[in-house]
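*Asks:* One structure, pasted below without further comment.
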Amino acid sequence: QVQLVESGGGLVQTGGSLRLSCAASGSIFMINSMSWYRQAPGKPREWVATITSGGGIYYADSVKGRFTISRDNVRNTEYLQMNSLKPEDTAVYYCNAVLRRTPTAPNYEYWGQGTQVTVSS
């Protein structure tokens, strides 16, 4: 069993900051990449940022320069530091991990349950 548990969402004013965390637990051999996605009401889920096991970091244009993704490989935890938040950042934020549970297992994708981020104007 693998679980991804997010925390850190909440209500913040425009221009404020929040830090999201996502802890992966269970039978994990190797996490290849961890990402954040978000879904606003009435809109499809969109990719926000990814950090790979090799240290590659990628951001959606909409958050570049404002959000920072990081990862603690020892704790199997990823973070999303969100600064200069805007009302359009309001969404449910989901943690995503692509990982292998054993050395010979294929990669599987796992999702967290989501955490609400609301930015008031």
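The values are calculated or read from the model by the stated rules, or taken from the named source; none is laboratory data. Predicted model only: the values in this text are computed from it and were never measured. We place every Cβ from the backbone using ideal geometry, glycine too, and count neighbours over all the protein chains shown. Please note that ligands, DNA and RNA were not included when accessible areas were found on the heavy atoms of the full protein model with its side chains. Shrake-Rupley method; radii C 1.70, N 1.55, O 1.52, S 1.80 Å.
*Asks:* Where the second residue is basic (Lys, Arg) and surrounded by fewer than 17 Cβ atoms within 10 Å (Cβ to Cβ) and the first is over 14 Å from Ser27 (Cα atoms) and lies in region 106-121, which pairs have Cβ atoms under 7 Å and are six or more apart or on separate chains?
*Replies:* Correct list of pairs: Val119/Lys86.
*Asks:* Here is a further query. Of the residues Glu109, Glu88, which single one is more than 11 Å from Cys22 (Cβ to Cβ), open to solvent by 50 Å² or more (accessible area, probe 1.4 Å) and in a helix (DSSP H, G or I)?
*Replies:* Glu88
*Asks:* Of the residues Tyr37, Tyr58, only one is in contact (Cβ under 8 Å) with a residue 24 or more places away in the chain and either part of a strand (DSSP E or B) or under 14 Å from the mean Cα position of the chain (by Cα) (or both); which?
*Replies:* Answer to the check: Tyr37.
*Asks:* Tell me whether region 24-44 contains one or more residues that are aliphatic (A, V, I, L, M) and out of contact with any strand residue (DSSP E or B) (no Cβ under 7 Å at 6 or more places or on another chain).
*Replies:* Looking through region 24-44, none of the residues is aliphatic (A, V, I, L, M) and out of contact with any strand residue (DSSP E or B) (no Cβ under 7 Å at 6 or more places or on another chain).
Quick grid of which residues meet (1) open to solvent by less than 60 Å² (accessible area, probe 1.4 Å); (2) part of a loop (DSSP other than H, G, I, E, B); (3) charged (D, E, K, R); (4) farther than 11 Å from Tyr93 by Cβ:
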residue	(1), (2), (3), (4)
Val5	no, no, no, yes
Gly15	yes, yes, no, yes
Ala23	yes, no, no, yes
Asn32	yes, no, no, yes
Gly42	no, yes, no, yes
Val48	yes, no, no, no
Ile51	yes, no, no, yes
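One line per residue, one yes/no per condition, for (1) open to solvent by less than 20 Å² (accessible area, probe 1.4 Å); (2) of a type in the set (A, V, I, L, M); (3) at pLDDT 95 or above; (4) over 15 Å from Gly15 (Cβ atoms):
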site	(1), (2), (3), (4)
Asp61	no, no, yes, yes
Gly65	no, no, yes, no
Tyr79	no, no, yes, yes
Tyr93	yes, no, yes, yes
Val119	yes, yes, yes, no
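*Asks:* Within region 66-85, track down each residue that is under 21 Å from Tyr110 (Cβ atoms), outside any strand (DSSP E or B) and not β-branched (Val, Ile, Thr).
*Replies:* Within region 66-85, Asn73, Arg75, Asn76 meet the criteria.
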